[in-house]
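Structure, as structure tokens:
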């Protein structure tokens, strides 16, 4: 009798965990502040309408990347810059201007073009993009996004933007409903038998 109550309780806990939502993305203001804090405060940081700027265009903040690659997921990054020209091609590095991709508190990669392919380890990351000069000195204000990289068993790498993450598949709803009904039925049966 006691074991059946424990089983019923476990079924309720499992059904609740299946229905739980993903951890919310941190506040974008915090993400940006964290990126600013890891950069040297004495870096060149122009202000005004002619100041150089960088913006991460893709992937968008809060995206989930799912990949079946072994250690790192291959991700397409795209940035836009204003008042800071990046070379047209990888071979055109005459200006030596580039941008750094930071993961959490460290530089992960440097790129010379605005559209690049990067390899990112699995986990949830604060991704920062910051412009750099020929001496690799970070300059200007960074841009920041939150990015979750998950490993899957098979399939192509896919990027799920935050707008599509709230969509629940019908199969998930059916599984939750069946487990919940089984839990209620088991609880009723245990309660009925204990009378």
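The values are calculated or read from the model by the stated rules, or taken from the named source; none is laboratory data. Quick caveat, the model's predicted, so the values are computed rather than measured. Here the Cβ is made from the backbone with ideal geometry for all residues, glycine too, and neighbour counts use every protein chain on show.
Brief remarks follow.
- Test: residue in the stretch 34-44 that is closer than 19 Å to residue 145 by Cα and within 17 Å of the chain's Cα centre (by Cα): yes
- Test for residue 12: is it at pLDDT 85 or above, outside any loop (DSSP other than H, G, I, E, B) and surrounded by 12 or more Cβ atoms within 10 Å (Cβ to Cβ): no
- Considered as a group, the residues in the stretch 122-136 that are over 11 Å from the mean Cα position of the chain (by Cα) and over 12 Å from residue 99 (Cβ atoms) include one that is surrounded by the fewest Cβ atoms within 10 Å (Cβ to Cβ), and that residue is 135.
- Single match in 171, 167 (criterion: at pLDDT below 90 and part of a helix (DSSP H, G or I)): 171
- Strands (runs of 3 or more DSSP E) fully within the stretch 52-134 that include at least 1 residues being closer than 19 Å to residue 150 by Cβ, at pLDDT below 95 and touching a helix residue (DSSP H, G or I) at 6+ places or on another chain (Cβ under 7 Å): 63-67, 123-132.
- In the stretch 143-164, the residues that are at pLDDT below 80 and in a strand (DSSP E or B): none
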